[in-house]
1. Check whether at least one residue in the range B:30-37 is within 14 Å of chain A (Cβ to nearest Cβ) and buried (at least 19 other Cβ atoms within 10 Å of the Cβ), and report yes or no.
2. Any chance the range B:35-43 includes a residue that's assigned to a strand (DSSP E or B) and within 23 Å of B:Pro297 (Cα to Cα)?
3. Of the numbered conditions (1) more than 24 Å from the chain's Cα centre (by Cα); (2) crowded, with 18+ Cβ neighbours inside 10 Å, A:Ala280 fails exactly one; give the number of that condition.
4. Test A:Ile99 against the criterion of being within 20 Å of A:Ile37 (Cβ to Cβ), touching a Phe, Trp or Tyr at 6+ places or on another chain (Cβ under 6 Å) and not polar (S, T, N, Q), and give yes or no.
5. For the range A:285-393, which strands (runs of 3 or more DSSP E) that fit wholly inside it have 1 or more residues that are among the β-branched types (Val, Ile, Thr) and within 23 Å of the chain's Cα centre (by Cα)?
6. Quick one: which residue in B:Val91, B:Val15 is part of a strand (DSSP E or B) and in contact with a helix residue (DSSP H, G or I) (Cβ under 6 Å, 6 or more places away or on another chain)?
7. Filter the range A:60-73 down to the residues that are at pLDDT 95 or above and in contact with a helix residue (DSSP H, G or I) (Cβ under 8 Å, 6 or more places away or on another chain) and list them by number.
8. Within the range A:103-152, track down each residue that is within 20 Å of A:Leu309 (Cα to Cα), touching a Lys or Arg at 6+ places or on another chain (Cβ under 9 Å) and away from every other protein chain (no Cβ under 13 Å).
There are 2 protein chains.
Amino acid sequence: MSEKLTIGMFGFGVVGQGLYDIIKTKDLNLEIKKFVIKNENKERSLPAHLFTTDANAVLNDPEINTVLELIDDADAAFEITQRALRAGKNVVSANKKMIATHLEELANIQQETGKALLYEGAVCGSIPIIRNLEEYYDNELLHSVSGIFNGSSNYILSKIFNENQDYDSALKKAQELGFAETDPTLDVGGFDPKYKLAIVANHAYGIYVKPEDILNLGIDKLGLADITYAREKNYKIKLIPLAKELSEDEVVLYVLPKFVTKDNLLYGVENENNGVVVKAAFADEQFFFGKGAGGHPTGSAVLSDITALRYGYRYEFKKHLKSQQVKYTTDYEITVYLRYEDESVLEALNFDSISERFYGVDFKYVIGKVNLQNIIKNRELIHRDGYFLAELA
Amino acid sequence: MSEKLTIGMFGFGVVGQGLYDIIKTKDLNLEIKKFVIKNENKERSLPAHLFTTDANAVLNDPEINTVLELIDDADAAFEITQRALRAGKNVVSANKKMIATHLEELANIQQETGKALLYEGAVCGSIPIIRNLEEYYDNELLHSVSGIFNGSSNYILSKIFNENQDYDSALKKAQELGFAETDPTLDVGGFDPKYKLAIVANHAYGIYVKPEDILNLGIDKLGLADITYAREKNYKIKLIPLAKELSEDEVVLYVLPKFVTKDNLLYGVENENNGVVVKAAFADEQFFFGKGAGGHPTGSAVLSDITALRYGYRYEFKKHLKSQQVKYTTDYEITVYLRYEDESVLEALNFDSISERFYGVDFKYVIGKVNLQNIIKNRELIHRDGYFLAELA
């Protein structure tokens, strides 16, 4: 019943090795024929004839019907993915930056070629959120999708709130453990969860939004004052991407730190774990929880995509192809906490209303309602030392 | 792109009414043409011409291409479902007893007729577990599925462990709130979660197992001694159905109360909520959480099934149709806690080993390893006042 897959894999890191091991022992009707690697001198655990540095050895091999793209470089990954689809091969990728940046183009190539590109591993590791949004939740009935999409920043926030560490020590610990990169900007700056949000928004609502058009503020300016404020009010701070339906035809998207209370399902998601909350019709919340990024969780999602290809599964873009299109808007009022230094920032943000003002020797903050568009316009003013903005429930 | 559904609905309770309301306001390409009800004299919130007591008004109407079966009576529901499929209509049902009891027969009728029967609402309310097992998790890679599938008994256990109530008061409270029936046996006896487990096992591993061939022990014999034991060890007791792969070709299934510790993802599932833990390849745990039974959660699952029918979705039984069949076994050693009165029960159960024995004035218990087959053989001996058996991690 299932189609046999003959696979060419780009990259042979933790995910690739794990996949090879598991595929070998199971009766999955899969064969990995060739690995394309960058460094041909590195010692490998498998026979040398399986490896090549020549991409064409995979892309021009008619026997290979499936390409696994598991490399870091987003530009090279895009090149490989495009070429593989046009060469009549299905592709599985876990490269969120590549997917998010080229989402519409990749969808078009799939429509043209009739081939499939699956990328469950690109969003929230092992949690099958793309598949559920694609297949299970009709956009008409989907109120919002939010979650913890970034394991590194969540690990740091857990250390801060559960172990009383400060931001710098927590970041250092995360880097030592390999949960955060030497340059952690992608994670703690909220760029990584933004790529994932752009992909989620597409499968949730059928919209194509460029990552650069979505606001992201991260936790990189989080200070002791903000942590103390959160603790006093029994909040935790989490970095939360949100896709939310505002009306029949408008959706808002952003990534912001958020003060969350105990009754929020994301409150208990700790360390490198990920969680997704889906609010659907009948005002019901569904919660998906699992390990976020990392070799094994990503491998498990990649493997599910591969096994689905054996049965001809592909994303159908049916939400995008619907007659009544949903539009992306940034005209949305958010209640925020803002620690600031210069009063002029308040003016620039043009708060709709301010409900609290605090002036102290060491810092000051306001709580009020502000339009997302004003935050976007003044992102650089806010993203400075001495400033921290977070959403309040 | 989507096919228009013209719906005939059997039953007009909370779910039916909620569905009608939501379908009316949304652009879903659906129309409910007729409701078949039992009591024609009951006052209805909708125009009289929408109602009939004649099943044939739906089953013989060629314009109606979709039947929603939302009645309680499992035998009548089976009759309706069969006839509707044979009349060329797709069916959505939430009747777990009917589905579990006739699973194989219903699959055969679907294969014969080419029509679809979907029943996400029958298992764990709003949690899309059937769809995920069917589409996302290959059986070769699925280590186990377990969870809290029954809201009523979980509500009772929450009252006991979080509010120090005894079993009888908690049950009474659950009945007052409508979380448990006047005869609560189906829920607290573990029959309801067993029906759901039989359905889950089919979509997880492609096996057909009759509910009567699966062991269920419930929480109806839970006593103060057991509760005290659990509290002293920082356990909670949860009623947990389990489907677990023992080898490449054997799966074990049972429903037992279980002592769970804080690190178990089901520990925090409280009240009428449901949770499902899926262990898949790469030793990874995924957790799904949402509202269990009840009008709205069930309605949301039913609605997702309906919207999927517009795109021709059907379960494909591909796990069952695989060449290498998985078999159901009961030959499995479980570590249990058993409170008992008569020593002869220990002999009958023929423990493989006993690691603890406690003799007190009021009660006695043993902890040891016992084969599931021996529990099944001696179910009536254990399911008596004075006895309580639960799994230990």
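The values are calculated or read from the model by the stated rules, or taken from the named source; none is laboratory data. Please read all numbers here as calculations on a predicted model, not as lab measurements. Backbone-built Cβ (ideal geometry, glycine too); neighbour counts: all protein chains shown.
1. yes
2. Yes, there is a match, as at least one residue in the range B:35-43 is assigned to a strand (DSSP E or B) and within 23 Å of B:Pro297 (Cα to Cα).
3. For A:Ala280, the failing item is (1).
4. Values: within 20 Å of A:Ile37 (Cβ to Cβ): no; touching a Phe, Trp or Tyr at 6+ places or on another chain (Cβ under 6 Å): yes; not polar (S, T, N, Q): yes.
It is false that A:Ile99 is within 20 Å of A:Ile37 (Cβ to Cβ), touching a Phe, Trp or Tyr at 6+ places or on another chain (Cβ under 6 Å) and not polar (S, T, N, Q).
5. Correct list: A:327-329, A:333-340.
6. B:Val91
7. A:Ile64, A:Thr66, A:Val67, A:Leu68, A:Glu69 - these are the residues of the range A:60-73 that are at pLDDT 95 or above and in contact with a helix residue (DSSP H, G or I) (Cβ under 8 Å, 6 or more places away or on another chain).
8. Those that are within 20 Å of A:Leu309 (Cα to Cα), touching a Lys or Arg at 6+ places or on another chain (Cβ under 9 Å) and away from every other protein chain (no Cβ under 13 Å): A:Leu103, A:Ile109, A:Gln110, A:Glu112, A:Thr113, A:Gly114, A:Lys115, A:Ala116, A:Leu117, A:Tyr119, A:Ala122, A:Val123.
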